[in-house]
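S.K.: I am attaching a structure below and will ask some questions about it afterwards.
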Amino acid sequence: MKLIIAIVQDEDTSRLVSSLMKSGFGVTKLATTGGFLRAGNTTLLIGVDDEKLHAVMEIIEHVCKSRKQMATAPATMPGMSGMYSASTYPVEVTVGGATVFVLSVDQFVKL
Ligand code: 2BA
């Protein structure tokens, strides 16, 4: 069995959970925050038998879109290595489709 940990954008969450549930997969949804953008995203926990892993990955890939977002980066002050000035500048980053970790599960029990 595998545990899929999928970090997805909030905009894709509802459609992704519906698609997974419709296909018979169990899902747990966690509200999370990305370290870089400090913005909300969603982490899904999906436990599946090994032979279903590919089907889940296909659904995630199909539903989750990449999007451009603006982030604010600190501007470094010349001559002050390691220090940041008060000013910041916007940078564009591409977020997603999805960041996915696949872990092998030693044991799966429902008590
Ligand atoms: P965030 O950490 O908020 O990152 C959002 C997007 O910002 C990232 O999109 C990436 O395009 C960019 N980014 C992240 N760190 C950066 C850096 N040091 N310099 C420049 N740009 C940077 P994604 O790669 O699609 O990641 C989306 C979210 O997935 C992340 O949100 C984070 O919550 C999670 N994530 C990504 N990689 C991870 C990892 N190795 N471990 C744990 N979580 C991860």
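Just so it is clear, none of the values below were taken in a lab; they were calculated from the coordinates. Every value quoted in this text rests on a predicted model; they were computed, and no experiment measured them. Here the Cβ positions follow ideal geometry from the backbone for every residue, glycine too, while neighbour counts run over all protein chains shown.
S.K.: Taking trypsin sites (Lys or Arg not before Pro) as exposed when DSSP calls them loop (any state but H, G, I, E, B) and at most 14 other Cβ atoms lie within 10 Å, what is the longest stretch of the chain free of them, the sites themselves excluded? Could you put the intermediate results ahead of the total?
M.R.: Working: sites that count: ARG38, LYS65, LYS110.
With trypsin sites (Lys or Arg not before Pro) excluded where exposed in loops, the chain gives 66-109 as its longest stretch.
S.K.: Across the chain, what fraction of all alpha-carbon pairs, as a whole percent, falls in each successive 10 Å bin from zero upward?
M.R.: That works out to 13, 37, 24, 14, 9, 2, 0, in percent per bin.
S.K.: With a point put 7 Å past each Cα toward its Cβ, work out how far SER14 is from LEU111 in nm, to one decimal.
M.R.: The answer from the label model is 3.7 nm.
S.K.: Find how much the distance from GLU61 to VAL93 grows on full extension, using 0.36 nm per residue of separation minus their present alpha carbon separation; answer in nm with one decimal. Let's see the in-between values first.
M.R.: Details: separation 32, 0.36 × 32 = 11.52 nm, distance 1.93 nm.
Length gained between GLU61 and VAL93: 9.6 nm.
S.K.: For the pair MET1/GLU51, report the inter-label distance in nm, with labels modelled 7 Å from Cα in the Cβ direction.
M.R.: 1.7 nm
S.K.: Relative to the longest principal Cα axis of the chain, at what angle does helix 53-63 sit, 0 to 90 degrees, rounded to 10?
M.R.: 50 degrees
S.K.: Net charge around GLU51, counting only other residues with Cβ within less than 15 Å of its Cβ (Lys, Arg = +1; Asp, Glu = -1)? Present the calculation step by step, with values, prior to reporting the outcome.
M.R.: Numbers: positive: LYS2, LYS52; negative: ASP49, ASP50, GLU58.
The answer is -1.
S.K.: Another question, then. Set the Förster radius R0 to 25 Å, insert the Cβ-Cβ distance between PHE101 and LYS22 as r into 1/(1 + (r/R0)^6), and round the FRET efficiency to 0.05. Walk me through the numbers on the way to the answer.
M.R.: Details: r = 23 Å, r/R0 = 0.94.
The value I calculate is 0.60.
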